[in-house]
Amino acid sequence: MYRYLEAELAKINVPENRIRREVFGSPKDITLFPDYPKEKAGNVYRLTVRRGVHEDIIPAKANEPIAVAIERAGILFPTDCRSGACGFCRSRVISGEVYVSPENDGRRKEDKEVGYYHLCATYPLSDVTVKIAIV
Ligand code: FES
């Protein structure tokens, strides 16, 4: 339904920042999105998490959000909606390749341009380094 409505709203020039969506959490299976690189689905990557002067290196599965990997490692990390909408988990990706859920990409245009991601909707496709907020 969202895909249909987004196309219809675009036809009548409703700006993206005027459209609100209900949030449902991260997709049950991110690998089902047509543009997800399925050959990466079973991989586990090395995730470097920087916060202030601390740095942890933890495993991160390609098919789950980076925020989940961080929480599993016991690292305190701000989240709220877990759907890519609120920006509480907004963090910088320093290096590495990532995939963003097309239905949960609530980032501002400026954030996309300078490398900020909502880690609850971002998946690693290689070894990745992120810088998160200190809680
Ligand atoms: S927790 Fe809301 S955007 Fe990630």
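What follows draws every value from the coordinates through simple rules; no lab data is involved. Quantities reported herein were computed from a predicted structural model and do not represent experimental measurements. We place every Cβ from the backbone using ideal geometry, glycine too, and count neighbours over all the protein chains shown.
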Taking placed amide H atoms and a strict 5 Å upper bound, the residues 5 or more places from Lys61 or on another chain that come that close are Tyr45
Taking a crude spin-label model, label points 7 Å out from Cα along the C-beta direction, the Lys131 to Asp29 distance in nm is 3.8
The answer for the longest stretch of the chain without any exposed trypsin sites (Lys or Arg not before Pro) (DSSP loop, at most 10 further Cβ atoms within 10 Å) is 29-135
One finds the C-alpha centres of the stretch 108-135 and the stretch 5-34 to be spaced, in Å, by 20
GluC sites (Glu not before Pro) in the stretch 1-90 lying in a DSSP loop, each with at most 11 other Cβ atoms within 10 Å of its Cβ, come to Glu22
Residue separation between Arg50 and Arg92 times 0.36 nm, minus their alpha-carbon distance, gives in nm 14.1 nm
Counting only DSSP loop positions in the stretch 1-80, the chymotrypsin sites (Phe, Trp or Tyr not before Pro) whose Cβ has at most 13 other Cβ atoms within 10 Å are Phe24
Share (percent) of C-alpha pair distances in the stretch 23-131 greater than 20 Å works out to 32
Treating only Lys and Arg (+1) and Asp and Glu (-1) as charged, each at its beta carbon, one finds that the stretch 1-96 has a dipole about its Cα centre, in Debye to the nearest 20, of 120
Between the modelled labels at Arg21 and Glu6 (7 Å from Cα along Cα→Cβ) the distance in nm is 0.5
Taking r as the C-beta separation of Glu64 and Asn13 and R0 as 35 Å, the FRET efficiency to the nearest 0.05 is 0.40
The extension gain from Lys109 to Ile75, computed as 0.36 nm times the residue separation minus the Cα-Cα distance, is 9.4 nm
So the angle from the long Cα axis of helix 2-11 to the longest Cα principal axis of the chain, reported in degrees to the nearest 10, equals 60
